[in-house]
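What follows is a set of notes on a single structure, which appears directly below.
The values are calculated or read from the model by the stated rules, or taken from the named source; none is laboratory data. Bear in mind the structure is a predicted one, so any value in this text is a computation, not a measurement. Because the Cβ atoms are built from the backbone with ideal geometry, glycine has one as well, and the counts that use them run over all protein chains shown.
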Amino acid sequence: MSAPGAPHVDRSVRAGAALIGLGTVQFVAAMAVVQTRYAGYSLLTNYVSDLGNTATSPLHVVFNVSIIVLGVLSFLGIWLAWGGFPRGGSRAAGLLLLLVASVAAVLVGLFPENVNPPVHDAVSLLVFLPGGLGLVVLAVGMRPGTHWAGYRGFSAVLGAVTLLSLAYYAPTQVQNTTFDPGLIERLIIAPILIWALGVSVHLVRLPVFSRFRPPPTA
């Protein structure tokens, strides 16, 4: 998934990639830390949002601030890195979906699960569904010759895992019959985080325009 001979991009693309990577890494680290202080927490049966529950999670502030930071950095990073993705309608549609997911992530942190459950559930869905769809839509534009061909299957598979997991998760949540809900929710979230890390590395590796030479017009 390297990018030999990749076209030069504006420096903002690298800055955006760094923000996406930073936001993702700090969120994963925050989850790991908060879990260690949550007595009896289970990756299989506890929801990710339990870590932000203001009544039961000792470090709920850490989790809620971290997911807000994730949303803000992801939004800014996607905006700055826009030009690094393959041009076309799939770029616009896919990145707009990810921007929606980023805003929703901020709202997840502002409305913990026990403070306003209906709002929390709604904004969580707005992270999951646009996030998974965004990856699949972006994969359509990652054609050979775009220097993203190596990420086409990567994006499509991760997006599909998120969407298929969500297709099982959502109706069983309504019926309260979800098998290992913590595990299924992680199968929804983890692919998006993995994609963000992989793509941030790829974007950082793209060469930038020289300060002393204008970008090619062709």
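Numerical summary
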quantity	calculated
Hits in the stretch 41-70 (condition: assigned to a helix (DSSP H, G or I), free of Cβ contacts under 8 Å to residues at least 60 places away in the same chain and over 21 Å from Val204 (Cβ atoms))	Leu51, His60, Val61, Val62, Phe63, Asn64, Val65, Ser66, Ile67, Ile68
Test: residue in the stretch 127-136 that is touching a residue at least 12 places away in the same chain (Cβ under 8 Å) and over 15 Å from the mean Cα position of the chain (by Cα)	no
The stretch 32-64, residues that are closer than 19 Å to Leu125 by Cα and either of a type in the set (A, V, I, L, M) or modelled with pLDDT under 95 (or both)	Val48, Leu51
Residue match in the stretch 108-127 (condition: in contact with a Phe, Trp or Tyr (Cβ under 8 Å, 6 or more places away or on another chain) and of a type in the set (Phe, Trp, Tyr))	no
Filter pass, Gly40 being under 30 Å from Arg143 (Cα atoms) and out of contact with any Gly (no Cβ under 8 Å at 6 or more places or on another chain)	no
Residue tally, condition of a type in the set (Gly, Ala, Ser) and under 16 Å from Val127 (Cα atoms), over the stretch 138-175	5
Yes/no for Gly109 being touching a Pro at 6+ places or on another chain (Cβ under 7 Å), touching a residue at least 40 places away in the same chain (Cβ under 8 Å), buried (at least 16 other Cβ atoms within 10 Å of the Cβ) and not acidic (Asp, Glu)	no
Condition met for Ser165 (of a type in the set (Ser, Thr, Tyr), out of contact with any Lys or Arg (no Cβ under 9 Å at 6 or more places or on another chain) and free of Cβ contacts under 8 Å to residues at least 60 places away in the same chain)	no
Number of positions in the stretch 73-94 that are assigned to a helix (DSSP H, G or I) and crowded, with 20+ Cβ neighbours inside 10 Å	10
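Table: residues versus (1) at pLDDT below 95; (2) surrounded by 18 or more Cβ atoms within 10 Å (Cβ to Cβ); (3) farther than 14 Å from Trp195 by Cα.
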| residue | (1), (2), (3) |
| --- | --- |
| Leu125 | no, no, yes |
| Phe128 | no, yes, no |
| Ala139 | no, yes, no |
| Pro144 | yes, no, yes |
| Tyr151 | no, yes, no |
